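Everything below concerns the one structure shown next.
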Amino acid sequence: MTDQDTSAATPALRDFWPTIDELWSRLEETRRHAGQEGVLLRILKLSEEVGEVAEAVIGATGQNPRKGVTHAWEDVESELCDVVITALVALRTLTPQAREVFERHLQRVRDRPLGPSS
């Protein structure tokens, strides 16, 4: 999607936070572990998702000679999206102000210089 296509995006794609809140709510309803343990397990889910990105990259490049090419680059894209979603749900688990926390942090990252500061 190009910058020009953004205006044509569905409201859910322009503002994904309601979807993140919905996913968080659904996960909360079925949570098996409460308190700090539940939060830590939700955050650890990120490691699993990042591992799936690595598996997809290895599969897309055929780096495992025993298995060969097992994934496409579209699989890598999908797994990266899963990492983002999982991270946002984990952030929402830590704070109901996930949107504000994320937007403040994103602004700070955007404003950082790319090279070493003088």
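The values are calculated or read from the model by the stated rules, or taken from the named source; none is laboratory data. Because the structure is a prediction, the values reported are computed rather than measured. All Cβ positions, even for glycine, are placed from backbone atoms using ideal geometry, and neighbour counts span all protein chains on display.
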Taking segment 93-118 and the residues there that are assigned to a helix (DSSP H, G or I) and charged (D, E, K, R), the one that is nearest to Gly59 (Cα to Cα) would be Arg110
Report yes if some residue within segment 93-111 is without any contact (Cβ under 8 Å) to a residue 40 or more places away in the chain, more than 17 Å from Thr19 (Cα to Cα), β-branched (Val, Ile, Thr) and loosely packed, with under 12 Cβ neighbours inside 10 Å; otherwise report no.
yes
task = Return a yes/no flag: does segment 83-92 have any residue that is polar (S, T, N, Q), out of contact with any Ser or Thr (no Cβ under 7 Å at 6 or more places or on another chain) and not in a helix (DSSP H, G or I).
result = no
Does any residue of segment 8-15 turn out to be surrounded by 11 or more Cβ atoms within 10 Å (Cβ to Cβ), within 16 Å of the chain's Cα centre (by Cα), in a helix (DSSP H, G or I) and at pLDDT 95 or above? no
Of those in segment 40-68 that are among the basic types (Lys, Arg) and in a helix (DSSP H, G or I), the residue surrounded by the most Cβ atoms within 10 Å (Cβ to Cβ) is Arg42
Here the qualifying pairs (Cβ atoms under 6 Å; residues six or more apart or on different chains; first in segment 80-92 and over 9 Å from Lys45 (Cβ atoms); second part of a helix (DSSP H, G or I) and of a type in the set (Gly, Ala, Ser)) come out as Leu91/Ala98; Arg92/Ala98
Q.
Within segment 69-76, does at least one residue satisfy the condition of being farther than 30 Å from Gln36 by Cβ, free of Cβ contacts under 8 Å to residues at least 40 places away in the same chain and loosely packed, with under 11 Cβ neighbours inside 10 Å?
A. yes
